[in-house]
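J.: Could you have a look at this structure, given as structure tokens, before my questions?
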Amino acid sequence: MPRSNRPRGRHGGQRDEEPDGLERLLAGWRRIEVRRGIEWNVQPVSSVQAQKSYLCPGCGRDIPPGVAHVVAWRADGVLGDAADLAARRHWHESCWRIA
């Protein structure tokens with residue numbers, strides 16, 4: 001019998017919805033750290049994932065594309081997850097460690 005190359009598991013041609021920014025960001029190796037009594041979500045960004053340039057709030061210098069770094073945002077903010085995620089910042093790993 002010939003082999004069927006049709007994808008299985010998606011009946012009716014329905015596509016799974018794309019995850020929103022929060023779900024996509026939380027899907028990585030996120031961890032919670034406490035700094036000066038404040039809980040922070042911290043997620044590493046590998047050099048392959050780093051596609052854009054960012055300004056590190058720790059040293060004020062550029063984080064160019066292709067450089068591994070971390071993204072941090074408050075985990076205990078009163079305005080909710082969406083506001084905390086919008087306020088996230090990209091840090092050099094060494095700057096985050098000494099912050």
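J.: Multiply the residue gap between Arg31 and Arg61 by 0.36 nm, knock off their C-alpha separation, and tell me the result in nm, one decimal place.
T.: Numbers: separation 30, 0.36 × 30 = 10.80 nm, distance 2.46 nm.
Using 0.36 nm per residue and subtracting the Cα-Cα distance, I get 8.3 nm.
J.: Sticking with this one: Just grab the label-to-label distance for Ser46 and Arg97, each label 7 Å out from Cα along the Cβ direction, in nm (one decimal).
T.: 2.1
J.: Give me, ordered by chain and number, the residues 5 or more places off Gly58 or on other chains with an amide H under 5 Å from its own placed amide H.
T.: His92
J.: Quick one: grab Rg to one decimal and Dmax as a whole number for segment 39-99, Cα atoms only, in Å.
T.: 11.6, 34
No lab work stands behind these numbers, since they all come straight from the coordinates. Being a predicted model, the structure only gives us computed values, none of them experimental. With ideal geometry, Cβ positions are generated from the backbone for all residues, glycine too; neighbour counts draw on all protein chains shown.
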